[in-house]
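Participant: Structure below; questions to follow.
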Amino acid sequence: MGTAKEKEDSGGEGWRSYESVFTNRKAGMADVDRDRIKKIVFEASKDSPHFKNEQRKEQAAAKRLSELQSKARSLLPRQLDGFKAKAKRAIVELEASRDLSRTWFHIDMDAFFAACHVLDRPELDRVPMAVGGNAMISTANYAARKFGVRSAMPGFIALKLCPQLTFVRSDFAKYKKKAEEVRAVLARYDENFIEGGLDEAYLDVTRYLEGAKLTEEELAEKIRDDVFVETSLTCSIGGAANRMLAKICSDLNKPNGQYILERKRKAILEFVSDLPVRKIPGIGKVTEKVLKGLGMNVASDLVKEAGLILALFSKISFESFLRAGLGISSSEAVGAAQDDQDAGRKGISCERTFGSLRGSRLESQLKEIVETLSSQMTVKNLKGKHITVKMKKVDFTLKTKSRALPAHTCNADEMMEAAAKLVDFKEPLRLIGVRMAEFEHEAHVERGQKVIDLPKAEKRKEGEEGLQGGQWFCDKCSRWVELEGRLEHEDFHLAQDLHREQLTLSSKPKGRGRKPATGMSTMDFFVQRKKKKAGEG
DNA sequence: GTGTGAGCA
DNA sequence: AAACTGCTCACAC
């Protein structure tokens, strides 16, 4: 896909150039099938407003790429040399921080939701099956994946790929229960393991390995064995010197497999030298396209072309690309996983998609969303001073409106009043959402200080003791919650966990403010004047 | 401060 | 007929 030539092809061949999230290579898919899948997904999509919007976005991405390409071409050799020199120093700096002293395992349950259902209904294992419904699928078993059925694929499209597909309604309580069983096993190997959603975890097994006199391969076998014996579920394990590499490795021999990357600089550099950039956590479809358009295909290319990257991308992107290319990421443990997700949060939001609503019905939908958000904020003890309303029109185009509020609040009425002012209820929408930001941050939880909140909770406990249990202590977030709100509160954690099923907690370039707390100063120095320099000359 | 959009899982 | 949700960052004005 080098040139933007074939365009006007609305006829029978349009599907050929149609690459979507659903048609990428995944474990267990033969190449022969890819064209068929592409074609079916394309046929089911091409006339929808959603598809039009996708095309619009693709064009914008292509434009961005060509701008970057021409920016790259216009760089004078001496400018590029300057960037290269700075990049070189950044590489030396990062290399000095390389830590090979620890072994991290990334545990990834195989088709977790689907596998949970198979436990109760073994016959489902032999037929193509997906968890979810007509609108959206959350997981598919491996039999269904052979047909191209993917998570995050609309059910109606999956049915076209696989007419005999069996749908199973999701059962969050079941997943949560099984996840607890899995965690009980994992905790024996690292009591401070980091949870990544319901079906993922990072374990620092360094200490266990020292005590047990096992090789890493043997330990991974043992953990997979334990998990299977005690939960009847299979998982895949990746082992490496840091979490980023471990996560990449856990995907390589999926399902029910393992891959250990030797903790040696040379082995790691070899590994990244034929690691497709798309495998790097944080690099998705679009970034892959951009990098490939700039001639970078494997992770180590990001180091080779570090000067160019420095010239073209932001400081943050530069550093994360460089880390990926060197196979370096944080290898230290993170504070308690549950608390960590709240610390450093910048905003909280809630949004709903519906068919098409306007007028008073739209208004009451907005109110519902505001109320949900308000109660989540109350639970999390968050008050925001800035509100944003997000609106998606029927043609899938997005619009946001935001306002600063007179004071910090998590009050539903105040939020609704502000939100309603930002919406034109006459216009039909397919989605509406509300985001609150600019929190008043009292004593924010720093990385690694997992119990900083506890004294507060403890104090509260003593103080409220006389009040006869109008409150309930949530172990999950170590906070006191109004007793009446308990069910809702638990649901909230469940929903959050569920959502995280599709996310990763690994060190990634963007996302949820999980930035390194330290070690940036030198890097800052290298790149701080990037823009100025780029502009001159 | 506000608005838009991209990107990711 | 039908394509989610929550979060972050970049950039323009």
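Values quoted throughout were computed directly from the atomic coordinates according to the rules given, and no laboratory measurement underlies them. No experiment lies behind these values; they were computed from the predicted model shown.
Participant: Considering only Cα-Cα distances, which of the following residue pairs are longer than 31 Å: A:Lys254/A:Lys380; A:Lys177/A:Lys247; A:Lys88/A:Lys279?
Facilitator: Exceeds cut-off: A:Lys254/A:Lys380.
Participant: Scattering from the C-alpha atoms of segment A:115-208 alone, worked out with Debye: what is log10 I(q)/I(0) at q = 0.25 1/Å?
Facilitator: -1.16
Participant: Tell me which residues come under 5 Å, amide H to amide H, from A:Val168 once H is placed; ignore anything under 5 positions away on its chain.
Facilitator: Those lying under 5 Å, H to H, from A:Val168 are A:Ala130, A:Val131, A:Gly132.
Participant: Stokes-Einstein at 20 °C, 1.002 mPa s, Kirkwood radius from Cα pairs: D for segment A:156-301 in µm² s⁻¹?
Facilitator: This corresponds to a translational diffusion coefficient of 123 µm²/s.
Participant: Distance check, please: which entries in A:Lys46/A:Lys393; A:Lys176/A:Lys346; A:Lys176/A:Lys264 exceed 29 angstrom between their Cα atoms?
Facilitator: A:Lys176/A:Lys264
Participant: Using all Cα-Cα distances in segment A:345-440, what percent lands in each 10 angstrom bin from 0 up to the longest?
Facilitator: Whole-percent P(r) values from 0 Å outward: 18, 53, 25, 4.
Participant: Can you list residues whose amide H is under 5 Å from A:Ser151's amide H, if they're 5+ apart or on another chain and H is modeled 1.01 Å from N?
Facilitator: A:Ala140
Participant: Of A:Lys57/A:Lys292; A:Lys63/A:Lys84; A:Lys57/A:Lys84, which sit over 29 Å apart, Cα to Cα?
Facilitator: Result: A:Lys57/A:Lys84 exceed 29 Å.
Participant: Bin width 10 Å, origin at 0, all Cα-Cα pairs of segment A:39-98: what percent of pairs per bin?
Facilitator: Answer for segment A:39-98: a P(r) of 18, 22, 21, 18, 19, 1 percent.
Participant: For segment A:348-402, what does the convex hull of the Cα positions come to per residue, in cubic angstrom?
Facilitator: Looking at segment A:348-402, the number lands at 81 Å³ per residue.
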